[in-house]
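Rule-based calculations on the coordinates, nothing more; no lab input. Quantities reported herein were computed from a predicted structural model and do not represent experimental measurements. All Cβ positions, glycine included, derive from the backbone under ideal geometry; neighbour counts span all protein chains shown.
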Amino acid sequence: MGVLHIYVLPRPGVDDDLLALAHACRPALLEHPIDPASPPQLGDPGTLHITVEMVADVASADIGADERQDLIRALRKELATAAPFGTQVGPPIANSAGAVLDVWPDDEAVALQERVRSAIRSTRGETALQHQTGRPHMSLGYAYDSGDSDELNSTLRNTITPRRAPLQVDAVHLLDVRYDTAPDTGGWRMTWKSLAELPLTG
């Protein structure tokens, strides 16, 4: 199925240290049942992302063109006074869902999330906000089976240096994100289609 999401996406040429950090984590992830978001090519962002919010009331196929335009207009209005910012991501941490890079400092990321939620709420109502993202983070990969997170965390801690990298945030992306079963792992794998890039112009 497909679901509308708003993501922050890292960019080659801007966030290269971050892409290098994610790439360095890839061999450790492959030793565990985790499908890495970063592909084999260094500098390719793959499906690395920070989930800002998702539109959770219906599947994307049930949101018509006019409704999508209403959402895009609301997002542009909310973000018109939001300023670009820089933050840091890391260190890599294994958890129950796979592996992540936490975002810190996170005050501006949380404020951005609240603006996006306000836009969704104004166009689709409170029922569209059902996703619990937890603290801001970038997903390094998703687990498709159980494994030993202590072992993975030890490997990441002992082998990954530096453990943090900068991220520049000057836009968010409205995407139609699709989840399909991955034939090689039996887990799910995401792909997406871009619907709008929404700059922070404040």
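Cα gyration tensor of segment 104-202, axes a ≥ b ≥ c as square roots of the eigenvalues: rounded (a/c below 1.5), prolate (a/b > b/c) or oblate?
Values: a/c = 2.05, a/b = 1.36, b/c = 1.50.
Since a/c reaches 1.5 but b/c is at least a/b, the shape of segment 104-202 is classed as oblate.
Give me the dipole magnitude in Debye, nearest 20, for the chain about the Cα centre, with unit charges on the beta carbon: positive for Lys and Arg, negative for Asp and Glu.
Charge dipole, the chain, about its Cα centre: 380 debye, nearest 20.
What length, rounded to one decimal in nm, is gained on full extension from T127 through to Y179, with 0.36 nm per residue of separation minus their alpha-carbon distance?
Length difference between fully extended and current span is 16.6 nm.
Positive end of the charge dipole of segment 101-159 (Lys, Arg +1 and Asp, Glu -1 on Cβ, about the Cα centre): tell me which of S149, G125, L112 has its Cα farthest that way.
In segment 101-159, that residue is G125.
Quick check on the chain: what are the equivalent-ellipsoid semi-axes from the Cα gyration tensor, as sqrt(5λ), descending, whole Å? Present the calculation step by step, with values, prior to reporting the outcome.
Values: eigenvalues 164, 79, 40 Å².
Working from the Cα gyration tensor, I get semi-axes of 29, 20, 14 Å.
With charges only on Cβ, +1 for K and R and -1 for D and E, what is the dipole size of segment 105-162 about its Cα centre, in debye, rounded to 20?
The calculation lands at about 380 debye.
With an 8 Å Cα cut-off and a minimum separation of 6 or more residues, compute the relative contact order for segment 2-199 in percent.
Values: 397 pairs, mean separation 64.8, N = 198.
Relative contact order of segment 2-199: 33 percent.
What shape does segment 81-139 take by its C-alpha gyration tensor, where a ≥ b ≥ c are the square roots of the eigenvalues and a/c under 1.5 counts as rounded, a/b above b/c as prolate, and the rest as oblate?
oblate
To the nearest 20 Debye, how big is the dipole of segment 73-135 about its Cα centre, given +1 on the beta carbon of each Lys and Arg and -1 on that of each Asp and Glu?
That gives a dipole near 420 debye.
Expressed as a fraction of 2.2 N^0.38 Å, the rule-of-thumb size for a compact globular protein of N residues, what is the C-alpha radius of gyration of segment 48-163?
1.27
Starting with the highest mean, order 135-146, 79-90 by the number of other Cβ atoms within 10 Å, averaged over the residues of each peptide.
Answer by packing, highest mean first, reads 135-146, 79-90.
Once both labels are modelled 7 Å past Cα along the beta-carbon direction, what's the D150-T81 spacing in nm?
Modelled inter-label distance: 5.1 nm.
Over what distance in Å are the Cα centres of segment 80-118 and segment 127-185 separated?
12
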